[in-house]
Amino acid sequence: MTSLTHLSQVFFAIALFGGVGYFIYNIRKIFRNINLGKPSGRTDKPEERWALMALVAMGQSKMMARPWAGLLHILVYAGFVIINLEMLEIVIDGLFGTHRVFSFLGGFYDFLIGSFEILALLVIIAVAAFWIRRNIRKILRFHKPEMKGWPRKDANNILYIEFALMIFFLCMNAADYYAHQKQNIDLAGAFPVSKNLFFFFEALSLGTLQIIERVMWWMHILGVIFFLNYLYWSKHFHILSAFPNVWFSKLEPKGEFNNLESVKKEVEMMLNPNVDPYAMPAEDTVSETFGAKDVFDLTRAQLLNAYTCTECGRCTSECPANLTGKLLSPRKIMMDTRDRLEEVGRNIEKNGQFIDDGKSLINHYITPEELWACTTCNACVQACPVNIDPMSIIVDLRRYLVMEESAAPTELNLMMQNVENNGAPWQFNSADRLNWAND
């Protein structure tokens, strides 16, 4: 028995450290990809950023804009996080061959296990409700064109995994409880849900219960390790990235655009007749790329946004362009940015550095038609539960089209030509501006 216990400990250590190591390996690739972007410079006002992260990421404040879905999400979020505090006990038990090592806490341990079980039941109910909303009620935002294939399958996979992990946890507890009952031994912990949900375990033999308890214990821990590594391929990575993503949120007013330094300098020179452009230092006259053509031209905060997208579709469901049948979907903008970034990452892994693949974010992933459908109303930014900013990417891509390729729509080119020639968007001479008042 002792040798079997030692073998179990060895296998547990291999599974644990191997799973965590593989997770870290994949997370390093995400960090590398995000660092391909330009510095965002969002390290100011740290107190305000910490408070915002506590309110939005941890407090789930923006989720409650839709109370029913928000409440279900909070149940899953709180339940899943709190229940996995029990993972600390499982890890210690697995590594050292103990059993319920924290049982010495007595009444507090009873409270903890009882609370975990109630939360597990609530998570199961919430997950079932989410599955019904997606697959039976078929809420429209979950069935937009960009959600076909893997995104839809991924969303259901997460629900199945969370459901299974909660069942494993409750089944493990029930088998442990009834096994100790058969031996007339009091088991530390309170089991208000599991012993009633799996009441039929009482009829099973002691040996069968012990086997079920061990199998469920292993299924639970291996399931958690699998889920940890599944995050890399899943939209559910947001359970980790939402916190830094909110911390690096844009704190300025939503309608405030950032200035391009090179353009700003040119305007300052034009407005200041005392400045000699030929006397400017060489580094001040080097032109930069205007806007963004590919992921390299976006900021790290924008690339973190892409990895944090939960694909919930709240942005798209609030977008006036999408609601009126235009091609634009802010959710697709984020998904396309992430897909392109992952493609670039695979290119780097294969070649040791990025080798031009003839592709870019514009045209190959996101079309100009999508970009010009945006009204820059910020509805998508306001709707996002984790402060993702699709509009900033749209604006940067449009800047590239206008300033690098002169590929603005005819109406916009006409307006800019009028501003240049007449000082106004309209097609008449500035000297005639006040003619409307003559009568």
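The values are calculated or read from the model by the stated rules, or taken from the named source; none is laboratory data. In this text, all values refer to a predicted model and were calculated from it rather than measured experimentally. Note: ideal-geometry Cβ built from the backbone for every residue, glycine included; neighbour counts use all protein chains shown. When the accessible area is computed, the model is the full protein with side chains, heavy atoms only, and any ligands, DNA or RNA have been set aside. Shrake-Rupley method; radii C 1.70, N 1.55, O 1.52, S 1.80 Å.
A few remarks follow.
- Which of Thr375, Thr5, Thr308 is most accessible, then next, and so on - probe 1.4 Å: Thr375, Thr5, Thr308
- ³J(HN,Hα) computed for each position of the stretch 7-12 - Karplus, 6.51 cos²θ - 1.76 cosθ + 1.60, integer Hz, glycine/proline x: 5, 5, 5, 5, 5, 4
- Efficiency of FRET between Arg214 and Arg137 - r from beta-carbon atoms, R0 41 angstrom, step 0.05: 0.55
- Look at the alpha carbon pairs under 8 Å that are at least 6 residues apart: their mean separation over the length of the stretch 1-124 gives a relative contact order of 31 percent.
- Contour excess over end-to-end distance, with Cα ends at Asn258 and Leu4 and 0.36 nm allotted per residue: 85.1 nm
- Over the chain - Rg/Rh using Cα atoms and the Kirkwood inverse-distance radius: 1.10
- Counting only DSSP H runs of at least 4 residues, each contributing -39500 (n - 2.57), and dividing by the residue count of the chain, the helix-based mean residue ellipticity at 222 nm comes to -19000 deg cm²/dmol.
- Accessible area ranking (1.4 Å probe, heavy atoms, ligands and nucleic acids excluded), largest first, for Ile30, Ile348: Ile348, Ile30.
- By the rule of a C-alpha distance below 16 Å, with chain neighbours fewer than 8 residues away ignored, the aspartates and glutamates paired with Lys182 are Glu202, Glu213.
- Three-way shape call for the stretch 19-92 based on the alpha-carbon gyration tensor, with the a/c threshold at 1.5: oblate
- Sorted peptide list for 417-426, 219-228, criterion being average Cβ within 10 angstrom, highest first: 219-228, 417-426
- Dipole magnitude (debye, nearest 20) for the stretch 142-297, charges at Cβ of Lys, Arg, Asp, Glu: 1060 debye
- Met216 sits with roughly 30 Å² accessible to a 1.4 Å probe, with DNA, RNA and ligands left out of the calculation.
- Cross-link pairs beyond the 29 Å C-alpha cut-off, checked among Lys144/Lys264; Lys29/Lys293; Lys29/Lys326; Lys45/Lys359; Lys153/Lys250; Lys38/Lys332: Lys144/Lys264; Lys29/Lys326; Lys45/Lys359; Lys153/Lys250
- Paramagnetic reach from Phe96 (point 7 Å along Cα→Cβ, amide N under 13 Å) across the stretch 176-202: none
- Per-residue SASA remark: Trp218, around 50 Å² accessible (1.4 Å probe; ligands, DNA and RNA not included).
- When the Cα positions of Ser317, Phe227, Gln353 are compared along the charge dipole of the stretch 211-368, Phe227 comes out farthest toward the positive end, with charges on each C-beta of Lys, Arg, Asp and Glu.
- Fraction of accessible area attributable to carbon and sulfur, the chain (%, probe 1.4 Å): 63 percent
- Placing unit charges on the Cβ atoms only, positive for Lys and Arg and negative for Asp and Glu, gives the stretch 72-147 a dipole magnitude near 760 debye about its Cα centre.
- Residue-span extension gain [Ala15 to Trp436] - 0.36 nm each, minus C-alpha spacing: 143.6 nm
- Counting 0.36 nm for each residue step from Phe23 to His364 and taking away their Cα separation leaves a gain of 119.7 nm.
- Prolate/oblate/rounded label for the stretch 29-146 (Cα gyration tensor, a/c 1.5): oblate
- Compactness of the stretch 300-439 is given as radius of gyration and Dmax, 19.2, 73 Å, from Cα positions.
- Efficiency of FRET between Ala203 and Phe111 - r from beta-carbon atoms, R0 22 angstrom, step 0.05: 0.15
- Dipole of the stretch 26-72 computed with +1 at Lys/Arg Cβ and -1 at Asp/Glu Cβ about the Cα centre; of Leu55, Gly70, Gly37, farthest Cα towards the positive end is Gly37.
- With contacts taken as Cα pairs under 8 Å at a separation of at least 6 residues, the chain carries a relative contact order of 19 percent.
- Solvent-accessible area per residue for the stretch 47-179 (1.4 angstrom probe, square angstrom): 47 Å²
- Shape class for the stretch 111-261: prolate, because the ratio a/c of the largest to smallest gyration tensor axis (alpha-carbon atoms, square roots of eigenvalues) is 1.5 or more and a/b beats b/c.
- Charge dipole (the chain, unit charges on Cβ, about Cα centre) - positive-most of Cys377, Ser8, Pro390: Ser8
- Projected onto planes of every orientation and averaged, the convex hull of the alpha-carbon atoms in the stretch 385-436 covers 5.7 nm².
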